[in-house]
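Asks: I'd like to ask you about the structure that follows.
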2 protein chains.
Amino acid sequence: MPDVPLTDEPLILDRQPLPDGIGERLAAQLRFIAEADKLKTILRASPLAAADRRENDAEHSWHLALMVILLAEYADEPIDVGHAVRLVVIHDLVEIYAGDSPVFVPGAAADQVEREEAAAERLFGLLPADQAAEIRALWDEFEAGRTPEARFGKAMDRLEPMLLNWLDGGGTWQLPGATESTVRAREAGVVAGSTSLGSFTGQLVDEGLRRGWIRPDEA
Amino acid sequence: MPDVPLTDEPLILDRQPLPDGIGERLAAQLRFIAEADKLKTILRASPLAAADRRENDAEHSWHLALMVILLAEYADEPIDVGHAVRLVVIHDLVEIYAGDSPVFVPGAAADQVEREEAAAERLFGLLPADQAAEIRALWDEFEAGRTPEARFGKAMDRLEPMLLNWLDGGGTWQLPGATESTVRAREAGVVAGSTSLGSFTGQLVDEGLRRGWIRPDEA
């Protein structure tokens, strides 16, 4: 289930306003940066490999950034690594208000587009107008998979939970909505950014099926 | 106290080896990426603003990346934002084995350089040689504050916990080793990358002293 949207909660910075005399622009930027702390509380369905708990969105976003840096050589098209890292750092911010929409939980994606659109309006609207537009454009670029960097970032966003599922011996592959075809649909998102990493992901899925970690589709 | 170094623990990937037939280079990269999951378990002293718990290194690194993206305009020298983001994404990786060394805990920094050097050897050594050298060079650049990007990244690394302390009404400023002069020494790290953000940090510290959130030095 998606985490409860936080849209009615007060802003973090309103609980402890900054000292007087901070300029308006910096104050707006810090209001956003403080509010972003909430991303550390938005839980994903994926289990950590290093501890017995679920991953949160901030940790996940960091892990994608690291993967972009280390795996960029596998992108099908040349990418600007710094730009791709920026995309994955901001890609889940809207979940602060919209909540996570876990892919293998039936119904969890209902209204996802509307929820995230409303969240983007509220969250990015905290920033000075030029930066609100800049971050919004990055988010749109990522969501639409419009550039090589966005396609590679999305490939990492698909690959990372696959790897966590593998390390867990099942993970979210055990959820009710996960069967071979829904898992293969996620694999396709890796392929779209990297043929070679997509091929590796295919091996993980093949072996996951063989071990009973992924259910075959019903006949 | 520093978290217990994990140097004797097995590698995460050794618990659940990848399917056969993955090439050696990709296997090494994924071994590192899986091991990096442990950064999500390394707790810092800083309290989150959005929840009643301490921050972990992966969340912290993500927050710095976001701050670099949004506050780059305040850098004293022009910076390559993508490069600065890369630096902060990798800057705490060695703490996977070396543990966090909280600045306001007396004695916590003992052997920090040696611990982190040993951790870097072991951790970066998991990567293919060319990437081990590349990530090591990024880490050295950050640690030494050798470039404008490193100085700005370090400024964010000082500013973020200051902001969390402010939002907490004290935070790590309440630890035994924190008094005005040790807090001002952290402020200096912000000034070194950004005069204007350093000036803002100075206002936070002034007001923190006034409110009794930071102890004055003993006379």
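Asks: Examine the range B:119-127 for a residue that is free of Cβ contacts under 8 Å to residues at least 12 places away in the same chain and assigned to a helix (DSSP H, G or I), and state whether such a residue exists.
Replies: Here is the first cut: in the range B:119-127, the residues free of Cβ contacts under 8 Å to residues at least 12 places away in the same chain are B:121, B:125.
When the remaining residues are screened for being assigned to a helix (DSSP H, G or I), the result is B:121.
Checked against the condition, which is being free of Cβ contacts under 8 Å to residues at least 12 places away in the same chain and assigned to a helix (DSSP H, G or I), the range B:119-127 yields at least one hit.
Asks: Can you find, within the range A:29-43, the residue that is nearest to the chain's Cα centre (by Cα) among those that are surrounded by 22 or more Cβ atoms within 10 Å (Cβ to Cβ) and among the basic types (Lys, Arg)?
Replies: Here the answer is A:Lys40.
Asks: Within the range B:34-50, take every residue that is within 7 Å of chain A (Cβ to nearest Cβ) and not acidic (Asp, Glu) and give me the one that is farthest from A:Lys40 (Cα to Cα).
Replies: Narrowing the range B:34-50 to residues within 7 Å of chain A (Cβ to nearest Cβ): B:34, B:36-38, B:40-41, B:48-50.
Next, only the ones that are not acidic (Asp, Glu) stay: B:34, B:36, B:38, B:40-41, B:48-50.
Details: B:Ala34: 20, B:Ala36: 18, B:Lys38: 16, B:Lys40: 11, B:Thr41: 13, B:Leu48: 8, B:Ala49: 10, B:Ala50: 8 Å.
Here the residue is B:Ala34.
Asks: Here's another thing I want to ask about it. Can you name the condition, by its number, that B:Thr182 falls short on among (1) within 17 Å of B:Ser101 (Cβ to Cβ); (2) surrounded by 20 or more Cβ atoms within 10 Å (Cβ to Cβ)?
Replies: B:Thr182 satisfies every listed condition except (2).
Asks: Within 11 Å of chain B (Cβ to nearest Cβ), over 25 Å from B:Leu26 (Cβ atoms) and either modelled with pLDDT of 95 or more or not in a helix (DSSP H, G or I) (or both) - does that describe any residue in the range A:135-154?
Replies: Just the residues of the range A:135-154 that are within 11 Å of chain B (Cβ to nearest Cβ), to begin with: A:135, A:138, A:149.
Now restrict to residues that are over 25 Å from B:Leu26 (Cβ atoms): A:135, A:138.
Now restrict to residues that are either modelled with pLDDT of 95 or more or not in a helix (DSSP H, G or I) (or both): A:135, A:138.
Yes - at least one qualifying residue is present in the range A:135-154.
Asks: Across the range A:164-205, which residue is nearest to the chain's Cα centre (by Cα) among those that are farther than 22 Å from A:Ala49 by Cα and within 14 Å of chain B (Cβ to nearest Cβ)?
Replies: Filtering first and then ranking leaves A:Ser194.
Asks: Determine whether B:Glu218 is within 10 Å of chain A (Cβ to nearest Cβ), open to solvent by 10 Å² or more (accessible area, probe 1.4 Å), over 24 Å from B:Ser101 (Cα atoms) and without any contact (Cβ under 8 Å) to a residue 60 or more places away in the chain. Walk me through it before giving the result.
Replies: On the way: within 10 Å of chain A (Cβ to nearest Cβ): no; open to solvent by 10 Å² or more (accessible area, probe 1.4 Å): yes; over 24 Å from B:Ser101 (Cα atoms): yes; without any contact (Cβ under 8 Å) to a residue 60 or more places away in the chain: yes.
In short, no.
Asks: Still on this model: If you go through the range A:103-121 one residue at a time, do you hit one that is within 13 Å of the chain's Cα centre (by Cα) and either open to solvent by 60 Å² or more (accessible area, probe 1.4 Å) or closer than 30 Å to B:Leu13 by Cβ (or both)?
Replies: Checking the range A:103-121: at least one residue is within 13 Å of the chain's Cα centre (by Cα) and either open to solvent by 60 Å² or more (accessible area, probe 1.4 Å) or closer than 30 Å to B:Leu13 by Cβ (or both).
Asks: Please go through the range B:51-89 and give me each residue that is in a loop (DSSP other than H, G, I, E, B) and either within 9 Å of chain A (Cβ to nearest Cβ) or out of contact with any helix residue (DSSP H, G or I) (no Cβ under 8 Å at 6 or more places or on another chain) (or both), ordered by number. I'd like the intermediate steps shown before the answer.
Replies: We begin by selecting, within the range B:51-89, every residue in a loop (DSSP other than H, G, I, E, B); these are B:51-53, B:75-80.
Passing the criteria: B:Ala51, B:Asp52, B:Arg53, B:Asp80.
Asks: Would the range B:163-178 turn up any residue that is at positive phi, buried (at least 22 other Cβ atoms within 10 Å of the Cβ) and assigned to a helix (DSSP H, G or I)? Break it down stepwise before answering.
Replies: Step one: filter the range B:163-178 for residues at positive phi, giving B:169-171.
Pick out the ones that are also buried (at least 22 other Cβ atoms within 10 Å of the Cβ) and you get B:171.
Subsequent filtering for residues that are assigned to a helix (DSSP H, G or I) retains B:171.
Scanning the range B:163-178, I find at least one residue that is at positive phi, buried (at least 22 other Cβ atoms within 10 Å of the Cβ) and assigned to a helix (DSSP H, G or I), so the answer is yes.
Asks: Among the residues of the range A:90-112, is any outside any loop (DSSP other than H, G, I, E, B), more than 9 Å from every other protein chain (Cβ to nearest Cβ) and in contact with a Gly (Cβ under 7 Å, 6 or more places away or on another chain)?
Replies: Taking every residue of the range A:90-112 in turn, none turns out to be outside any loop (DSSP other than H, G, I, E, B), more than 9 Å from every other protein chain (Cβ to nearest Cβ) and in contact with a Gly (Cβ under 7 Å, 6 or more places away or on another chain).
Asks: State which residue is most open to solvent (accessible area, probe 1.4 Å) when the search covers only the range B:68-93 and only residues that are within 13 Å of the chain's Cα centre (by Cα) and among the charged types (D, E, K, R). Give the derivation first.
Replies: Initially, the range B:68-93 is screened for residues within 13 Å of the chain's Cα centre (by Cα), giving B:85-93.
Filter once more, keeping what is among the charged types (D, E, K, R): B:86, B:92.
Numbers: B:Arg86: 58, B:Asp92: 11 Å².
By that ranking, first place goes to B:Arg86.
Asks: Sticking with this structure for a sec: Which one is farthest from B:Val85 (Cα to Cα) among residues in the range A:45-66 that are within 13 Å of the chain's Cα centre (by Cα) and either open to solvent by 30 Å² or more (accessible area, probe 1.4 Å) or touching a residue at least 60 places away in the same chain (Cβ under 8 Å) (or both)?
Replies: Just the residues of the range A:45-66 that are within 13 Å of the chain's Cα centre (by Cα), to begin with: A:45-46, A:55-65.
Pick out the ones that are also either open to solvent by 30 Å² or more (accessible area, probe 1.4 Å) or touching a residue at least 60 places away in the same chain (Cβ under 8 Å) (or both) and you get A:45-46, A:55, A:60, A:63-64.
Working: A:Ala45: 27, A:Ser46: 25, A:Glu55: 22, A:His60: 16, A:His63: 13, A:Leu64: 13 Å.
If we take residues in the range A:45-66 being within 13 Å of the chain's Cα centre (by Cα) and either open to solvent by 30 Å² or more (accessible area, probe 1.4 Å) or touching a residue at least 60 places away in the same chain (Cβ under 8 Å) (or both), then A:Ala45 is farthest from B:Val85 (Cα to Cα).
Asks: Taking the stated definitions as given, is B:Asp140 surrounded by fewer than 20 Cβ atoms within 10 Å (Cβ to Cβ), within 20 Å of B:Gly189 (Cα to Cα) and without any contact (Cβ under 8 Å) to a residue 12 or more places away in the chain?
Replies: Numbers: surrounded by fewer than 20 Cβ atoms within 10 Å (Cβ to Cβ): yes; within 20 Å of B:Gly189 (Cα to Cα): yes; without any contact (Cβ under 8 Å) to a residue 12 or more places away in the chain: yes.
Yes; evaluated as a whole, the condition is true for this residue.
The values are calculated or read from the model by the stated rules, or taken from the named source; none is laboratory data. It should be emphasised that the depicted structure is a prediction, and the values quoted were computed from it without experimental measurement. Using ideal geometry, Cβ is built from the backbone for each residue, glycine included, and neighbour counts are taken over all protein chains shown. For accessibility, only protein heavy atoms count, side chains too; no ligands or nucleic acids. Shrake-Rupley method; radii C 1.70, N 1.55, O 1.52, S 1.80 Å.
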